[in-house]
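Working notes, beginning with the structure itself.
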Amino acid sequence: MGDLAGPALAAATRKAGVHVEYRAVPTARSTQLARNVASGKECIPALLVLAAALEFLGTYTPAAGPTRRC
């Protein structure tokens, strides 16, 4: 989405009450992680989304305290 539209959309979505986090373009390292777990038949956008998810999960630390149920 780009450097302007991505953060703007994330801010607008947060304003609507949805918890989102803007992720920058995946690095070569995270893209390689995605290629390691993919079958090789996926399109490039799918690999980039997988790379961003793997990068997020690799750095995620759960918040302390009770969990909120929906």
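For segment 54-65, a residue qualifies if it is modelled with pLDDT of 85 or more and either over 11 Å from the mean Cα position of the chain (by Cα) or not hydrophobic (A, V, I, L, M, F, W, C) (or both), and exactly one does: 55. Taking (1) out of contact with any Lys or Arg (no Cβ under 9 Å at 6 or more places or on another chain); (2) free of Cβ contacts under 8 Å to residues at least 12 places away in the same chain in turn, residue 54 satisfies each apart from (2).
Listed here are the residues, each with its yes/no results for (1) at pLDDT 90 or above; (2) surrounded by 12 or more Cβ atoms within 10 Å (Cβ to Cβ); (3) of a type in the set (Gly, Ala, Ser).
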{"position": "8", "(1), (2), (3)": "yes, yes, yes"}
{"position": "20", "(1), (2), (3)": "no, yes, no"}
{"position": "43", "(1), (2), (3)": "no, no, no"}
{"position": "49", "(1), (2), (3)": "no, yes, no"}
{"position": "52", "(1), (2), (3)": "no, yes, yes"}
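The values are calculated or read from the model by the stated rules, or taken from the named source; none is laboratory data. Treat the numbers as computed from the prediction; the structure is a model and nothing was measured. Every residue, glycine among them, receives a Cβ derived from its backbone with ideal geometry; neighbour counts consider all protein chains shown.
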